[in-house]
Structure formats: C-alpha cells, structure tokens
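Enquirer: The structure's right below; bear with me while I get my questions together.
Readers should treat all values here as calculations from the given coordinates under stated rules, not as data from a laboratory. The model shown is predicted, which means the values in this text are computed figures rather than measured ones. Neighbour counts are summed over all protein chains in view; Cβ atoms, including those assigned to glycine, are modelled from backbone coordinates with ideal geometry.
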Amino acid sequence: MTEPAAPTAGDEVTNPSLESEGELAFEGALRPRSLTEFVGQQKVRGQLQLLLTAATMQNRTPDHILLAGPPGLGKTTLAMIIAYEGDRPLRMASGPAIQHAGDLAAVLSSLVPGEVLFIDEIHRMARSAEEMLYLAMEDFRIDIMVGKGAGATSVPLDLAPFTLVGATTRSGMLPNPLRDRFGFTANLEFYAENELELVLKRAAALIGLPIGQRALAEIAGRCRGTPRIANRLLRRVRDYALVHGGDADLTAVHAALELYDVDEIGLDRLDREVMRIVLTRFGGGPVGLNTLAVSVGEESETIEAVVEPFLVRIGFLTRTPRGRVATPAAWRHFGLSSSGGLTSQGGLPLDDL
Ligand code: ADP
C-alpha cells in the first residue's frame, strides 16, 4: 500500500496545517500550558481532567489517548498539556517518520517510566510499526527480531510504562485493532466564534497587541473555527497595523484579510475554487473526491482533511456515497441557481465565474 500524501499547500494564511519555522516559534509562545488555560472543547477537557486526575491518584500512567480532528484544533497542544499536568516527560514523534518497525522500536525502548509519547499523524505510520505498537500499548513489551532468515529469533524486550497520545486528522484510516487499544478517544470539534474570541484575546495579550472587541469578533468570524488560523490572521492584522502605523482596529482587519483573500465567512481561494468546480463544472455534484482534487490541482488528502470539513460544517457541501454535493445554501451564498444562472439576489462572487 502506498503512503497517502501529506496535506500540501492550500492558501498560506488559511491552511490549517501549514507551519513555517517562524510560525512554529510563534505558536509555541501561544500554546496554553494547562487544561484550564485551554479554551473551548469543554467536554473533552472534562473527560481528560478526570482521566488524568484518576491516574495521578492511583499513581499509574494515564490510559493511552487518541486525539482526532482536523488540523489546527489543538491536538499537539493537548498532548503537551497531558504531559505538563502530570509533570511527565514528553517525547514527540510523527507517523510519517516511522517507516519501519525498527524506527518505532528505537523510540519505545528509550522511553523513561511515565513518559508521554506523542505520535502526530499516527495514521501515516508504517504497517509493521503499527503491529509492534499493539503489543507495546497493551503489555509494555515488544518483540525484537534478531538475525535473518531461518536463524532469526524474536527476543522480548520490556518497556517502561508510558502513555501514548496519538493524533490523527483521519481517524477513519486507523485500523480497528489500533483504535481499540486507546483507552480514550477525544474528537475535537471546530470552535464557536465566542471561543475563538477568547483564543484571540489571550494571544493578543501575549504578543502585546492592543485590539478592540469588534476587531477580535471580526477575525473570529473568519478563521474557519480553527485556533491556528485565528492566531495566524491576528499576526497578519498586527503586521498591517504596524506597517500602516495605525491601530489593530476593524479597518485594519478588513484591509489585512482582504489582502490575504479571506472572505467574511472565512472562505479562502481554495475553498471558493472547490465550490466553483462543484457548482459550475459539475452542476452541484455529485462529484468524486479524486476528480475534484484533480480539477483544483490539489492532493485529494488536502481536499478531504483540510477543505471539506469546513465546507461540510458550514453546510455548503455534503458527502454522499456517490460523491460531493453542493447544498442549496452554497448555491445561495454564491448567488447561483442550480440551472446555472445568477439568482436575482446576486450573492458573493466566485473567483473567475
Ligand atoms: P493541531 O495539533 O491539532 O494541528 P495545535 O495544537 O498545534 O493543533 O494548535 C495550533 C495552535 O492553535 C497552537 O499554537 C495554539 O496556540 C492554538 N490553540 C489550539 N487550540 C487552542 C485552545 N483550545 N486554546 C487556545 N489556543 C489554542
């Protein structure tokens, strides 16, 4: 089986998975360090708090935890919090970098007791490593093959007890035996606008940017329910205010976001392009994922993991067994009728209509 491609470029400011080095440092400074500082996801926070407190009271490592959801919603942040809250060391690894069982064995055998092992994009780990992980998660043990051919023997190796925190943007791609070995799965949801305002307010305070409530609310409405995008748009607004020598006010927000092609409901160029193809080239669908990806010149995984979840969430696109279908709300938003013409109310422009 070939490895699925990583989500690649979309639009830089609104691609929830794109991280430059500068951005990683910026994000690092903004990451909440405790569950109480972590905004939103109330249910998941409560569940995690209970699980972690119980483990501390019983003086044992917490159960393995799977964090599932689109990029930029706080999976890495939560993994770090899980380690901080229990005062445990944290090891970071990533699924695509684990290409052989040996890569995983090297990580597992060097864990210290109680360590939290975070594996990002765990669905992209090699199959042979996945199988090794089953035994490691269940019995804190792995079998290492020594020698080759007929003389090869397997030597058991005991591991220090650890907590695996796996993150995935595509929980459907995890094999059941792996999914079943997590004691708890948290499905992260897109954030509500009032939660994003809190994320932004906190970030603005941390970077020392004076910004008013209306400007915050405007950014919150345009960041696709995603804290990473919220922080990134805030940064662009700060740049705009800095360069133009003005305040980070509503005018700066409008100007900065127009410059970066983010519309009033957070759609970017790629979202509009996907909708344009579905609505105008395929008459509203159904259209298959791969056809759609080829038509917009993107990886199908980018469309599936990055673009679609938001379009589905705002009720513009539905996934059916026959393909993707545009909803009446999408037709209305873009001022089109399903017979192909513009509706009388007009609507928002699709690029290149
Ligand atoms: P993921 O691992 O799901 O892609 P991250 O954990 O890296 O997402 O989060 C991206 C950024 O968004 C982090 O730097 C953090 O500052 C911010 N963030 C995410 N979730 C929250 C939250 N609930 N509260 C405050 N900031 C958040």
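Enquirer: Could you list GLU23, GLU121 so that the one with the fewest beta carbons within 10 Å of its beta carbon is first and the one with the most is last?
Expert: GLU23, GLU121
Enquirer: Right, here's the next one. Report relative contact order for the chain in percent, whole number only (criteria: Cα-Cα under 8 Å, sequence separation at least 6).
Expert: Reported as a whole number, the value is 18 percent.
Enquirer: Over the alpha-carbon set of region 193-259, work out the extent along each principal axis and list the three values in angstrom, largest first.
Expert: 29, 24, 18
Enquirer: Related question: Report, to the nearest 10°, how far helix 21-30 tilts away from the longest principal axis of the Cα atoms in the chain, using its own Cα long axis and a range of 0 to 90°.
Expert: Helix 21-30 and the main axis of the chain meet at about 80 degrees.
Enquirer: In region 247-318, which GluC sites (Glu not before Pro) are in a loop and have at most 15 other Cβ atoms within 10 Å, using DSSP for the loop call?
Expert: Here the sparse-neighbourhood loop sites are GLU264.
Enquirer: Starting from the Cα-Cα distance between ASN187 and HIS254, subtract it from 0.36 nm times their residue separation and give me the gain in nm to one decimal.
Expert: Between ASN187 and HIS254, full extension yields an extra 20.9 nm.
Enquirer: Helix-only mean residue ellipticity at 222 nm, the chain, DSSP H runs n ≥ 4 weighted -39,500 (n - 2.57), per residue, nearest 500. What is it?
Expert: -12000 deg cm²/dmol
Enquirer: Whose amide H sits under 5 Å from the amide H of LEU35, counting only residues 5 or more places off or on another chain, with H placed in the peptide plane?
Expert: none
Enquirer: Here's a follow-up. If the only charges are +1 at each Lys and Arg Cβ and -1 at each Asp and Glu Cβ, what is the size of the charge dipole of region 193-259 around the Cα centre, to the nearest 20 debye?
Expert: That gives region 193-259 a dipole magnitude of about 280 debye.
Enquirer: Please express the Cα-Cα pair-distance distribution P(r) of the chain as a list of whole percents, one per 10 Å bin, running from 0 to the bin with the greatest distance.
Expert: For the chain, the pair-distance distribution reads 5, 22, 28, 24, 14, 5, 1, 0.
Enquirer: Please give the length that would be gained between ARG91 and ALA160 if that part of the chain were fully extended, namely 0.36 nm times their separation in residues minus their C-alpha to C-alpha distance (nm, one decimal).
Expert: Going from the current span to full extension adds 23.5 nm.
Enquirer: Let me ask you something else. Between HIS244 and GLN99, what is the FRET efficiency for a Förster distance of 56 Å, r being their Cβ-Cβ separation, to the nearest 0.05?
Expert: Approximately 0.75, to the nearest 0.05.
Enquirer: Using a basic spin-label model with each label point 7 Å from the Cα along Cα→Cβ, how many nm lie between VAL312 and ARG141?
Expert: Here the answer is 4.0 nm between the modelled labels.
Enquirer: What distance in nm separates the two pseudo spin-label positions at ALA205 and VAL294, each 7 Å out from Cα along the beta-carbon direction?
Expert: So the two model labels end up 5.2 nm from each other.
Enquirer: Evaluate E = 1/(1 + (r/R0)^6) for ASP63 and ALA106, where r is the Cβ-Cβ distance and R0 equals 25 Å; express this FRET efficiency to the nearest 0.05. Before the final figure, lay out the partial values.
Expert: Working: r = 24 Å, r/R0 = 0.97.
Efficiency, from the Cβ-Cβ distance: 0.55.
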